[in-house]
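Worksheet: one structure, shown below.
Derivation of every value follows stated rules applied to the coordinates shown; laboratory data play no part. Fair warning: this is a prediction, and the values are worked out from it, not measured in the lab. All Cβ positions, glycine included, derive from the backbone under ideal geometry; neighbour counts span all protein chains shown.
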Amino acid sequence: MTEPAGVLLHMCTIEEWLSVRESGFLRPEGFDSTGFVHLSTPDQIHLPANRLFAGRQDIVLLVLDPQRLESPVRWEPGVPGDPQSMLFPHLYGPLPTTSVTAVLEYAPGEDGSFAPPTL
């Protein structure tokens, strides 16, 4: 299923971003086994952030231009616990660093949880 895409986001640690930004492509942990890169919209990024990175202070959001992605994006269900009607964008190929238009710090609130970002 294809959904309209404005800005898409990928979340990672600052160390991960700094280690790949010059290489041309980001292949996150798990890419080789799943074959895709997890992406989110600004309205849904907090769901995986809280599941994977609650309380962490070293997370950044890579703001992506969907037109610069070189592989197909498929909109697919998330994990159990996510709203049933919510589909997440999955990039079926490595994420080209040239698609990143901004890198934003993504810090949790005082309680350690993430909220949807203000872009």
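Observations
- Some residue of the range 11-25 being aromatic (Phe, Trp, Tyr) and closer than 20 Å to Pro94 by Cβ: yes
- When residues of the range 25-57 are limited to those that are assigned to a loop (DSSP other than H, G, I, E, B) and charged (D, E, K, R), the one nearest to Ala115 (Cα to Cα): Asp43
- Any pair with Cβ under 9 angstrom, 6 or more apart, that starts in the range 101-112 at a residue that is hydroxyl-bearing (Ser, Thr, Tyr) and ends at one that is in a loop (DSSP other than H, G, I, E, B): Thr101/Val7; Thr101/Asp65; Tyr106/Ile45; Tyr106/Phe114; Tyr106/Pro117
- Unmet criterion (only one of (1) without any contact (Cβ under 8 Å) to a residue 60 or more places away in the chain; (2) on the phi < 0 side of the Ramachandran plot) for Gly55: (2)
- Of the residues making up the range 87-100, just one is part of a loop (DSSP other than H, G, I, E, B) and in contact with a helix residue (DSSP H, G or I) (Cβ under 8 Å, 6 or more places away or on another chain), namely Pro94.
- Single residue of Arg51, Arg68, Arg74 found to be within 23 Å of Gly6 (Cβ to Cβ), among the charged types (D, E, K, R), out of contact with any Pro (no Cβ under 7 Å at 6 or more places or on another chain) and surrounded by 12 or more Cβ atoms within 10 Å (Cβ to Cβ): Arg74
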